[in-house]
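So the structure is just underneath, and the comments pick up after that.
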Amino acid sequence: MGGAALVERADSGVRAADRPRRGDRRRRGDRWRGGDRWRRGDRWHGGDLWRWGRDARGRSAWTRGRVPASLALLTAGLLAFHRAVPNGVGRLGSLLEAFLPWLGLAVPVLLVPALVRRSATALLALLLPATAWAVLFGGLLLPAGGGPAPITAVQHNVSDENPDPSGTAAALLRAAPDLVALEELTPAALPAYEAALAEEFPHHAVEGTVGLWSRYPLTDSRRLDIKPTAIGEGWSRGLRAGVRTPRGEIAVYVAHLPSVRIRPSGFGSGLRDESAGLLGAALAAERLDTVILLGDLNGTVDDRGLAPLTSRLQAPRRGLAFSWPAALPVSRIDQVLTRSATVSDVRTLPATGSDHLPVAARITLGAS
């Protein structure tokens, strides 16, 4: 009896010692009282978002998550200052600008570790690339204004390997265009395009591998020399034609600039850039005020290699319209640019037998 009582008293003493005193309960964390939850980080409360608790290493919400925060700042810098990326080595600047809109994907990707780490610093840093992307490209996602456009133009690299020229032409007609510009026309496929488009477009001109079909009369149609010096004779990818529209005569240019390649040495855009310079000089010398350039320029409007064109012409105000490659479009290299006219929106059309998607644009003449 006496021994059992001693054991019981000793056991009671241990249990009493193990139990925290009232004043210790908040320090030991067995239960929650008041605001101590934030110091331990056991749970989250909406009213105190920025006071997320410390992690196992004692780091606060403001000191952890430095890696996603740093990557967010880098992304924001590339978006806002992409022109500062040097082009001297491998033309890295042009390579970045060819896919610049896709940098926006870094925001949702980095948001995941920012939330997992409960990092206030990373979340605030992500506001910078999100804002930069919205400034650069957000306007393109807004809905286009209503009302008919004086001119609808379709631009399409039809591919010199297109197995169905007639079907491609029929697909373009569904957009009810007033102007159709085609590139990579071959002698074998040209008759099929001419036959399919003849009824809707009584006026057309072809120079080399590029052509223009118009509902309105053409004047002063001629070959445009945009051939880089390193390319041999027989290369003809540009034309200029006057078009007599109901709003007056305008100049329409159709061009197919040289292709670019991604090589181990970098972004191979030298020939394209040289051709863009020649085309830019022709545009600068154009006597008519209103100009429309339709073409496969093998570059985006953000690419500094196309600066001889984008510095003189206006890009579309609405629409991303990624046109290449047709199977999984990641870039718009098929362009509709204007002077003394406004492209209110640009969109892609359904796929044809080409590796490019057709691009359709609504153009208001005489607007800035």
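The values are calculated or read from the model by the stated rules, or taken from the named source; none is laboratory data. Small disclaimer: the values here were computed from a predicted structure and weren't measured. Surface accessibility is based on the protein's heavy atoms, side chains included, excluding ligands, DNA and RNA. Shrake-Rupley method; radii C 1.70, N 1.55, O 1.52, S 1.80 Å.
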The correct ranking of 324, 62 by accessible area at 1.4 Å, largest first, is 62, 324
Hull surface over four for the Cα convex hull of region 101-194, reported in nm², is 9.8
The equivalent-ellipsoid semi-axes of region 58-144, taken as the square roots of five times the Cα gyration tensor eigenvalues and listed largest first in whole Å, are 26, 17, 9
Region 257-338, Kirkwood Rh and Cα Rg, ratio Rg/Rh at 0.98
Using alpha carbon positions and the Kirkwood radius, the Rg to Rh ratio of region 152-205 is 0.91
